[in-house]
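Down below is the structure, laid out as structure tokens.
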Amino acid sequence: MERQIESLLQSLDIVLKPKTVVLRNDAPSRALEGLDSYVKTVKGEGHRIAVQENGARYIADLTEGQKTGWYYDQRDNRAFIAGLAKGKSVLDAYSYTGGFGILAAKAGATEVVCLDSSAPALALAEESARANGVTIKAVKADVFEELERLKAAGEKFDIVLADPPPFVKSKRTWSRGRKPIASWRAWPPRSPPRADC
């Protein structure tokens, strides 16, 4: 693929005519191939763009955000949760830029808390919330620590979303990755799960 970049860029221009093309060649697996890691805008402005999805407007950061800056594969899941959110309180754990939480707020959630460890991601979530005329509470914290704090404070939510990063990426990280899962299992819910959550 690296050798074919110029051909691929020409093909993209012929077929799609994109305004912006960013090469996100920063996956750790590139090192296994002896390739440099880099992020480079080869066409357009790069950096931040507006994304329209499910009637909402989001801000995505193509060069500094995670992976592509936006997770399109969650579009249907975000719409499904929005369909449940009216009149409910929502905790969006590992919210990244607030994709689930913002759409839930647009759908009429009474409270939305977006929880993530990344301040830049939460800043984008707040900007997207303003663009949609909704309010969210962005909380920068380690998710497991904040869940423990919420539990101790007696906080409850009608809908809790969790789309965590992978805890185990290889055999080598198995024992370290198991620790958060074991901690979660040790935290039984206060009441049986409801069918609509």
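Here are some conditions: (1) under 15 Å from ASN54 (Cβ atoms); (2) open to solvent by less than 70 Å² (accessible area, probe 1.4 Å); (3) free of Cβ contacts under 8 Å to residues at least 60 places away in the same chain. ALA131 meets all but one. Which one does it not meet? Condition not satisfied by ALA131: (3). Looking at LEU23, LEU35, LEU12, LEU8, just one residue is assigned to a strand (DSSP E or B) and hydrophobic (A, V, I, L, M, F, W, C), and that residue is LEU23. Quick check on region 145-155. Is at least one of its residues of a type in the set (Asp, Glu) and within 30 Å of ARG24 (Cα to Cα)? No: zero hits. Hey, among the residues in region 75-102 that are within 13 Å of the chain's Cα centre (by Cα) and part of a helix (DSSP H, G or I), which one's farthest from ARG149 (Cα to Cα)? Step by step, filter region 75-102, then rank; the result is ARG75. Taken over region 1-34, the criterion of being touching a residue at least 40 places away in the same chain (Cβ under 8 Å) and either of a type outside the set (S, T, N, Q) or in contact with a Phe, Trp or Tyr (Cβ under 9 Å, 6 or more places away or on another chain) (or both) is satisfied by VAL22, ARG24.
For region 43-56, a tally of residues being assigned to a strand (DSSP E or B), exposed (fewer than 14 other Cβ atoms within 10 Å of the Cβ) and at pLDDT 90 or above returns 1.
Applying the set (1) charged (D, E, K, R); (2) surrounded by 16 or more Cβ atoms within 10 Å (Cβ to Cβ); (3) outside any helix (DSSP H, G or I) to GLU155 leaves exactly one unmet item: (2).
When restricted to residues that are open to solvent by 100 Å² or more (accessible area, probe 1.4 Å), farther than 18 Å from TRP70 by Cβ, modelled with pLDDT of 90 or more and out of contact with any Lys or Arg (no Cβ under 8 Å at 6 or more places or on another chain), region 4-42 contains 5. Scan region 105-121 and report the pairs whose first residue is touching a residue at least 24 places away in the same chain (Cβ under 8 Å) and more than 12 Å from VAL143 (Cα to Cα) and whose second residue is assigned to a helix (DSSP H, G or I) and open to solvent by less than 50 Å² (accessible area, probe 1.4 Å), with Cβ atoms within less than 6 Å and a gap of 6+ or a chain change. These pairs meet every condition: ALA107/ALA82; ALA107/ALA85; ALA109/ALA85; VAL112/GLY101; VAL112/ALA104; VAL112/ALA105. Of all residues in region 64-116, those satisfying the criterion of being among the aromatic types (Phe, Trp, Tyr) and surrounded by fewer than 21 Cβ atoms within 10 Å (Cβ to Cβ) are TYR71, TYR72, PHE80, TYR94.
The values are calculated or read from the model by the stated rules, or taken from the named source; none is laboratory data. These numbers come from a predicted model, not from an experiment. Cβ: placed from backbone, ideal geometry, glycine included. Neighbour counts: every protein chain shown. To get the accessible areas, we keep the full protein, side chains included, count just its heavy atoms, and leave off ligands, DNA and RNA. Shrake-Rupley method; radii C 1.70, N 1.55, O 1.52, S 1.80 Å.
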